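Written below as structure tokens is the structure these notes are about.
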């Protein structure tokens, strides 16, 4: 059963598009833009002031027959999408920009997971032939499959994935081409599509079909060909052999970014100090990790050890203390300056407004102006004004020649917060902070599990010998006469919780 929806452009032009329950909304957008003579890559659909999910079919969109959709312009900067790649039941998660093609997405996961082979798989056919045939990847997005090279060159946005999270399920189908021939054809196709980014495919002799060849040798060839096969998300190693034409292969600017210090396969030969050493993606959940930790309420009940420690603190505060002299203050300042002079580097983590973060390694000569320059190099809107705040006293790090270590007393690892200035427009605030090529290298923050200590260990750490003595007295029967009510009353008196 078919119906139609009406798409209204900003100039009030209208286009009716016939749909069936299985029509994908990204196709509705494409058909409407075709009738209105517009580029569908620059627009998206809204229904009742809410963006329509373009990745799914009409039956799951929540739209009724004759629904009026609004055609609005898409943001010029790519949005960040959380992609979960499901390969034969194994799931890998990564945040990537929406302007990345499906082929580049698969190559990004291959680069991050060295044991993962998607775009260069080979499978032996027959017995004792030693010949490997190409297994082509098939990407399934919301029930829609993309398998041809032309389809795999579509961006996530062109497939309807513009925001939020999406699962890409990858399966494989055997082709009639050998692995060697398929790799050559893919390399040539990517050269024609992206001549500035695709490096030359390494020329390797095709595997022999004689029975003396061993299958493990061709499996290694499959992995090696997959790693050297061209894609925009990776770059050719400097030591790669040139193509048969005699010209060394070179990668584009985006390809070279992968061989930065952020890449797992990078080499520490030359490191740009303006580039961050680590980039972390925003939390996938709005609920803090600490909120998921379940603790027993008994750990918050005060013990005798807490009361004794509190009593010691009150007695210490009641004692008179002498103020330090000018000489003592000067000696402390000199000692602090000497400690700062011995610091060779610090790691500074900047938390951005969209909850992403990046880490820079700074040496003693680096200044506030250098840090501002480094941050602007990864921003999607470098012209927007911002300020850096130290936690605690909220000290502002200014964009000047004041040294970060000696001037602001940065030590070890520091956390800074980046805040927008008041004149930054809301449109800039809502967009992703990092550039698409930089955000694609972000990784999830792994929160380590803290081992739980037993109640006996905790009491010994808090109260020290007094708790041990109390345990010894209790073992000898000295504390057996004190019931629980008396303990609670004493604790309330020690901690000032009782009535005055």
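The values are calculated or read from the model by the stated rules, or taken from the named source; none is laboratory data. The structure displayed is predicted, hence computed values, not measured ones. Heads up, the Cβs are rebuilt from the backbone with ideal geometry, glycines too, and the neighbour counts pull from every protein chain shown.
Give me the residue from segment 55-89 that is part of a strand (DSSP E or B) and within 19 Å of residue 145 (Cα to Cα) and, out of that set, modelled with the lowest pLDDT. Steps first, please.
From segment 55-89, those part of a strand (DSSP E or B) are 57, 68-73, 80-87; that's our starting set.
Subset that is within 19 Å of residue 145 (Cα to Cα): 57, 83-87.
Details: 57: 85, 83: 90, 84: 90, 85: 91, 86: 91, 87: 89.
Only one residue fits best here, namely 57.
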Any idea which of (1) under 21 Å from the mean Cα position of the chain (by Cα); (2) in a loop (DSSP other than H, G, I, E, B); (3) modelled with pLDDT of 90 or more is the one residue 419 doesn't satisfy? (2)
If you scan segment 373-398, which residues turn out to be part of a helix (DSSP H, G or I) and buried (at least 17 other Cβ atoms within 10 Å of the Cβ)? 374, 375
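Looking at segment 2-28 only, could you name the residues that are surrounded by 15 or more Cβ atoms within 10 Å (Cβ to Cβ), free of Cβ contacts under 8 Å to residues at least 60 places away in the same chain and farther than 13 Å from residue 63 by Cβ?
If we filter segment 2-28 for residues that are surrounded by 15 or more Cβ atoms within 10 Å (Cβ to Cβ), which is where we start, we get 3, 5, 7-9, 15, 17, 19, 23-28.
Filter again for free of Cβ contacts under 8 Å to residues at least 60 places away in the same chain, leaving 15, 17, 19, 23, 27-28.
Within segment 2-28, 15, 27 qualify.
Yes/no matrix, rows are residues, columns are (1) in a strand (DSSP E or B); (2) surrounded by 10 or more Cβ atoms within 10 Å (Cβ to Cβ); (3) at positive phi:
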{"residue": "315", "(1), (2), (3)": "no, no, no"}
{"residue": "324", "(1), (2), (3)": "no, yes, no"}
{"residue": "336", "(1), (2), (3)": "no, yes, no"}
{"residue": "349", "(1), (2), (3)": "yes, yes, no"}
{"residue": "370", "(1), (2), (3)": "no, yes, no"}
